[in-house]
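*Asks:* Here it is: the structure, laid out below.
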Amino acid sequence: MEIVNRVANSGLVTLDLEDYYHTGERVVYDLKDNLFMGLILKEKDFREFLKGHDWSQYAGKNVAITCSEDAIVPTWAYMLLTLNLQPYANTIAFGSLTDLEEKLYFDAIARINPDDYRDARVVIKGCSKVPVPTAAYVEITRVLKPVVQSLLFGEPCSTVPLFKRPKAAVSVAVPEPVAISQ
């Protein structure tokens, strides 16, 4: 009796989002440290801080910018932070480390060519050694659904079917709207 590896012969293509994990360090820049009395941001003091701060310490890092204090921070403050971080940081996101992680995955998914998966039976791998945010699974589903033959979740030996393109899509004629004269 011959043993047949049905998984290997299935024609399934496995996409592992773990492969798109950015290994760079993640840090948070919290504007609370720039607030006067923990309440307000003084523009003149903030601009002086920006000029004198060593931004090179963020070289190659992934930076989330936020303010953990309940203070009114003008939008331009986050913009100025971004301008100073941008020459050094790998990427910058507004919000928490979770928001940063999602941005890193969204950027990686945006570089995927969906045509590489055209008409394929794709399994989005479910287990990984690194944290993959649910938002990344949602995004890859949105990107691949228009081009794949089928989309599954899990491992090739045990999948959850998500989507299967109908064999022959029947086009239905939609009548033109009728103008009603008054």
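The values are calculated or read from the model by the stated rules, or taken from the named source; none is laboratory data. Predicted model, so just to flag it, every value in this text is computed and none were measured. Every residue, glycine as well, gets a Cβ built from its backbone with ideal geometry; the counts of neighbours run over all protein chains shown. Note: accessible area is taken over every heavy atom of the protein model, side chains too, but ligands, DNA and RNA are not part of it. Shrake-Rupley method; radii C 1.70, N 1.55, O 1.52, S 1.80 Å.
*Asks:* Tell me, what is the per residue accessible area of the range 1-138 in Å², probe radius 1.4 Å? Walk me through the numbers on the way to the answer.
*Replies:* Details: 8530 Å² over 138 residues.
Result: 62 Å² of accessible area for each residue.
*Asks:* At a 10 angstrom cut-off on C-beta neighbours, averaged per residue, how do the peptides 27-40, 77-90 rank from highest to lowest?
*Replies:* 77-90, 27-40
*Asks:* Same structure, new question: Keeping all protein chains in the complex and leaving out DNA, RNA and ligands, what accessible area do you get for Arg47 with a 1.4 Å probe, in Å² to the nearest 10?
*Replies:* Using a 1.4 Å probe on the heavy atoms, I get roughly 110 Å².
*Asks:* With r as the distance between the Cβ atoms of Ser128 and Lys164 and R0 = 35 Å, compute the FRET efficiency 1/(1 + (r/R0)^6) and round to 0.05.
*Replies:* The calculated FRET efficiency here is 0.90.
*Asks:* If you don't mind, another one. Would you compute, for the Cα atoms of the chain, the largest minus smallest coordinate along each principal axis and list the three values in descending order, in whole Å?
*Replies:* Answer, in whole Å and largest first: 76, 74, 27 Å.
*Asks:* Let me ask you something else. Have a look at Val132, Val147, Val123 and tell me which one the Gaussian network model of the chain (Cα, springs below 10 Å) gives the largest fluctuation.
*Replies:* Of Val132, Val147, Val123, the Gaussian network model singles out Val147 as fluctuating most.
*Asks:* Quick check: pseudo-label points 7 Å beyond the Cα along Cα→Cβ at Lys51 and Asp70, how many nm apart are they?
*Replies:* Modelled inter-label distance: 3.5 nm.
*Asks:* Additional query: Explain nothing, just compute: Karplus ³J(HN,Hα) = 6.51 cos²θ - 1.76 cosθ + 1.60, θ = phi - 60°, for every residue of the range 77-94 in order, whole Hz, x for Gly and Pro.
*Replies:* Result, rounded to whole Hz: 5, 5, 5, 5, 4, 4, 4, 7, 7, 3, x, 10, 6, 5, 8, 9, 9, 8.
*Asks:* For the Cα atoms of the chain, what angle does the longest principal axis make with the long axis of helix 134-144, in degrees from 0 to 90, nearest 10?
*Replies:* The helix 134-144 is inclined about 50 degrees to the chain.
*Asks:* Continuing with this model, one more query. Once the other residues with Cβ under 12 Å from the Cβ of His22 are scored (Lys, Arg +1; Asp, Glu -1), what is the net sum?
*Replies:* So the surrounding residues net to -2.
*Asks:* Could I ask something else about it? Measure off 7 Å from each Cα along the Cα-to-Cβ vector at Phe153 and Thr23, then give the distance between these two points in nanometres to one decimal.
*Replies:* 2.9 nm
*Asks:* Then there is this: Using only the heavy atoms of the protein chains and a 1.4 Å probe, how would Ile72, Ile109, Ile92 rank by accessible area, largest first?
*Replies:* Reading off the accessible areas and sorting them downward yields Ile72, Ile92, Ile109.
*Asks:* How big is the charge dipole of the range 53-138 about its Cα centre, in debye rounded to the nearest 20, if each Lys and Arg gets +1 on its Cβ and each Asp and Glu gets -1 on its Cβ?
*Replies:* 360 debye
*Asks:* Among Phe94, Ala108, Pro146, which residue has its Cα furthest toward the positive end of the charge dipole of the chain, with +1 on Lys/Arg Cβ and -1 on Asp/Glu Cβ?
*Replies:* Pro146
*Asks:* Give the accessible area for Glu25 in Å² (nearest 10); use a 1.4 Å probe, count only protein heavy atoms, and leave out ligands, DNA and RNA.
*Replies:* Roughly 100 Å² of Glu25 is accessible to a 1.4 Å probe.
*Asks:* Give me the count of lysine pairs in the chain whose alpha carbons sit under 28 angstrom apart, restricted to pairs 8 or more positions apart or on different chains.
*Replies:* Going through the chain pair by pair, I get 22.
*Asks:* Magnitude of the Cβ-charge dipole of the range 2-156, K/R +1 and D/E -1, about the Cα centre, nearest 20 debye? Walk me through the numbers on the way to the answer.
*Replies:* Working: 16 positive and 22 negative charges, 44 e Å.
Using only the charged Cβ atoms, the result is roughly 220 debye.
*Asks:* Want the number for Ala59 to Asp119: 0.36 nm per residue separation, take away the alpha-carbon distance, what's left?
*Replies:* Gain on stretching Ala59 to Asp119: 17.5 nm.
*Asks:* Sticking with this one: Can you tell me what the convex hull of the Cα atoms of the range 92-164 projects to on average, as an area in nm²? Intermediate results must be reported in sequence, preceding the final value.
*Replies:* Working: hull surface 21.0 nm².
Over all viewing directions, the range 92-164 projects a mean Cα-hull area of 5.2 nm².
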